Amino acid sequence: MPDLVFKELNAKGTAFRALFVILAGLFLIGLGAAYYMEHSGHWVTGMTNQVVWGMPHVFAVFLIVAASGALNVASISSVFGKSIYKPIAPLSALLALALLAGGLAVLVLDLGRPDRLIVAMSHFNFKSIFAANIILYTGFFGIVLVYLWFMMDRRLKYKSSGPGTFAFIWRLVLTTGTGSIFGFLAAREAYSSAVMAPLFIAMSLAFGTAIFILVLLTVCAIDKRPLGTVLTERLRVLLAVFVAATAYLALLQHVTAAYWAGRVEVVAFVLLNGGIYTFLFWGVQMGLGTVFPLALTLVPRLRSHATLAFASVLVVLGGLAQTYVIIIGGQAWPLTLFPGYEVESSFYDGIVQSYAPSLPEILLGIGGFALALLIVAFGMAILRFLPVTLADAQIDPHAKKRLMESEEAVETA
Amino acid sequence: MSENCLSPTRRGLLKAAAGSAALLAPGVFLLAAPSPSKARPDDTATDSSVRWGLLVDTNRCDQECTACVDACKEEMGLIGKGRPATDAQYIRKVELAEPKTGFTRSLPMMCQHCSNPPCADVCPTGASFKRADGIVLVDRHICIGCRYCMMACPYKARSFAHEKLEDQAANNPRGKGCVEACTLCAHRVDAGIVPACVEACHAKGRGAMLFGDLQNPEHAITQVVAQYPTSQIRADLKTDPGVRYHGI
Ligand code: SF4
Ligand code: SF4
């Protein structure tokens, strides 16, 4: 591969400036929403004593899960030695950091006492998977930063596979940890399943790749950097594989649960008669977020950057729906306190809980997305994360040679 | 149905005489509750030779009665804002009905003061903790309001302070943004008095609740659980609750 010239984004471009202003605006609105919820207390949200985690958690978990998947491109280049991904590896690491920061910001801003963040950092209950996650997340920042430094420093460039491998392993553990937040809730029938951890890993790869593709396409478009098809073709295949794997594991999760005595009802709730949750599962997660993007990525006639972008947007939407079904649907289903009895109480025992997301919750979630993208934009404006061109001839000289050879062959003929 | 739960009543006695269920001998609870305990001086630590517990005789609990719930609200200063989905409830009445047989029961449900409390296991900061004497509490100074404990509690025993709180009871300092639950009236227990719900139930003449040290052979609760069948709710989860139920 010829030595690629990396360059900062042109921060003076109108498109970049417009984007930056929009993102900053969305982030500020999210902050305002968080302040409003915090100031008035959580009763102004859709969350209650029954559905205790709401929309902020859907966004936060989505972003955190996507963060580890976004690192995938860098992993393939360093860990699995696929040098073709090298030019886009630093961006992938930057995006991973940014998404994690966005997700954690949403999570923290939704705490009942965000002012006690320092308490969370200084009091650890090592039995808690949450506390373990705090360590995993902090570690992720550190490790990925070192990895980025190795990738971006000319002298260290060729030694980046060590930190790369470490980051790769760390991020697998991190996603397992995030999945385990739910896997450890023995009393909640929708959650406690061994499939949860691999499911979260598959989800992370699908969501992270989708967001990476969108960021890459957007950056190349607004900064007018040539982007060939050698890379995007590969990303397209990766996306398809990850989306299929996620759907497979999501189905497996329900099928295995259905064999579990006493779990049939909660499975039927999600798959058949859960109203909004059933609609989100089949309509948005499986239909819009799986079948549609698979068709867009796999049917040869449909291949273009535009369809790839569209497919990625759908994967993101499907992923949000999937996270919603897992988090909110799992809480909507009532806890079984007295098997065999019908129960009733002033505390909503025995009935499906209702939850209506409030606007501030959604705005906070979107603010988290905006923060992640702001970090990417800012990072790219001050440091050299991406080559000036990702044209096929630059990425894969052999592609050029092959092309020339075939042209020569045509000429001589 | 309500009078059926009142024991002794004519029907209750008839039922007991017919041997249909292992009802407690009439009066056992009334005679035994509330059981006295020694006050714990402020400067001493809680003691693991004690395991505070509660026994609920559901045969004596009346569907119409909310004495325990009312007493708890009063004691803990739980003034609702008329928003049932977000107002705190430390104790609630649960009505059970077995569809196949038509059998019904009414019982109070509160934090079960688990010996293996999932709430404390998942709490990231250690704010949820179990005292040596078995009472499970939330340290309001280090609770960050993440609500993971509420996700983990199998009994839906906890509430989140969803808004600013006024007119708090001195013995139950609460804080917006923190999680709270039944404390088994630790402040009373430490002073040698039974929990408010137990006292109210007793005062109403129900005697459906018995409080005491499950490890002390001299306490009525320990004797009763050794003699009569009692159950722990969701015993399959192995949380080993300190609250036991008779009659379900
Ligand atoms: S009942 Fe719930 S809140 Fe109480 S100790 Fe058990 S798990 Fe914790
Ligand atoms: S809400 Fe408070 S008590 Fe509950 S898990 Fe979080 S920090 Fe612990």
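Key figures for this structure:
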| read-out | value |
| --- | --- |
| Low-density loop cleavage sites - trypsin sites (Lys or Arg not before Pro) in the range A:1-53, where at most 14 other Cβ are within 10 Å (DSSP) | A:LYS12 |
| Bins of 5 Å, starting at 0 and running to the largest distance - Cα pair percent for the range A:1-118 | 2, 10, 13, 16, 16, 13, 11, 8, 5, 3, 1, 0 |
| Accessible surface of the protein assembly as shown, 1.4 Å probe, proportion on carbon and sulfur as whole % | 65 percent |
| Stokes-Einstein translational diffusion, the range A:9-57 - Kirkwood Rh over all Cα pairs, 1.306 mPa s, 10 °C, in µm²/s | 122 µm²/s |
| 14 Å beta-carbon shell around A:PHE269, net charge (K/R +1, D/E -1) | 0 |
| Heavy-atom accessible area per residue - the range A:1-98, 1.4 Å, Å² | 35 Å² |
| Value of relative contact order over the range A:305-406, rounded to a whole percent, pairs C-alpha under 8 Å and six or more apart | 14 percent |
| Proximal charge balance of A:THR297 [Cβ under 13 Å; K/R count +1, D/E count -1] | +3 |
| Over the range B:66-151: Rg over Rh, Cα atoms, Kirkwood Rh | 1.03 |
| Loop-resident sites, the range A:222-282, for trypsin sites (Lys or Arg not before Pro), counting at most 15 other Cβ within 10 Å (DSSP) | A:LYS224 |
| Contact order relative to length of the range B:114-173, as percent, for alpha carbon pairs under 8 angstrom and 6 or more apart | 29 percent |
| Amide H partners (placed H, <5 Å) of B:SER128, local residues excluded | B:ASP139 |
| Positions from the range A:341-380 whose accessible area shrinks by 30 Å² or more when the full protein complex is built, not the chain alone, probe 1.4 Å | A:TYR341, A:GLU342, A:GLU344, A:SER346, A:PHE347, A:TYR348, A:ASP349 |
| Distance from the range A:12-64 to the range A:226-257 (C-alpha centre basis), Å | 28 Å |
| Helix runs (DSSP H) in chain A reaching 27 Å along axis by Cα, Kyte-Doolittle at least 0.0 | A:14-40, A:89-109, A:129-152, A:161-183, A:196-222, A:230-258, A:305-324, A:359-382 |
| Between the range A:279-342 and the range B:75-108, the Cα center-to-center distance that results, in Å | 36 Å |
| Spatial separation of Cα centroids for the range B:129-199 and the range A:152-186, in angstrom | 38 Å |
| Radius of gyration, Dmax [the protein assembly as shown; alpha carbons; angstrom] | 29.3, 111 |
| Interchain or long-range residues, amide H under 5 Å from B:VAL94's placed H | B:LEU107, B:MET109 |
| P(r) of the range B:166-248 over all Cα-Cα pairs, binned every 10 Å from zero, in whole percent | 14, 38, 34, 13, 1 |
| Cut-off 14 Å between beta-carbons: net charge of the residues surrounding A:GLU342, Lys and Arg +1, Asp and Glu -1 | -3 |
| Pairs beyond 27 Å (Cα-Cα), from B:LYS73/B:LYS238; B:LYS93/B:LYS130; B:LYS164/B:LYS204; A:LYS127/B:LYS73; B:LYS100/B:LYS130 | B:LYS73/B:LYS238; B:LYS164/B:LYS204; A:LYS127/B:LYS73; B:LYS100/B:LYS130 |
| Set of lysines near A:LYS224 by C-alpha distance (under 30 Å), chain-local residues within fewer than 8 positions excluded | A:LYS7, A:LYS12, A:LYS82, A:LYS86, A:LYS157, A:LYS400, A:LYS401 |
| Computed lengthening from A:ALA18 to A:LEU359, 0.36 nm per intervening residue step minus Cα-Cα distance | 120.3 nm |
| Residue-wise HN-Hα coupling along the range B:157-172, computed from phi with Karplus coefficients 6.51, -1.76, 1.60 (Hz; x: Gly, Pro) | 8, 10, 10, 10, 6, 7, 8, 4, 10, 10, 6, 6, 6, 4, 8, 9 |
| Relative contact order of chain A, defined on C-alpha pairs under 8 angstrom at six or more residues apart (%) | 32 percent |
| Where the Cα pairs of the range A:247-298 fall when distances are cut into 10 Å bins, in % | 26, 46, 22, 5 |
| A versus B: buried accessible surface, summed, Å² (probe 1.4 Å, to nearest 100) | 4500 Å² |
| Residue-normalised accessible area of the range B:90-248, expressed per residue, 1.4 Å probe, Å² | 33 Å² |
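The values are calculated or read from the model by the stated rules, or taken from the named source; none is laboratory data. Bear in mind that the values here come from a model prediction, so they are computed numbers and not experimental data. Virtual Cβ from ideal backbone geometry, glycine too; neighbours counted across all protein chains shown. All accessible areas refer to the heavy atoms of the entire protein, side chains included, with ligands and DNA or RNA removed. Shrake-Rupley method; radii C 1.70, N 1.55, O 1.52, S 1.80 Å.
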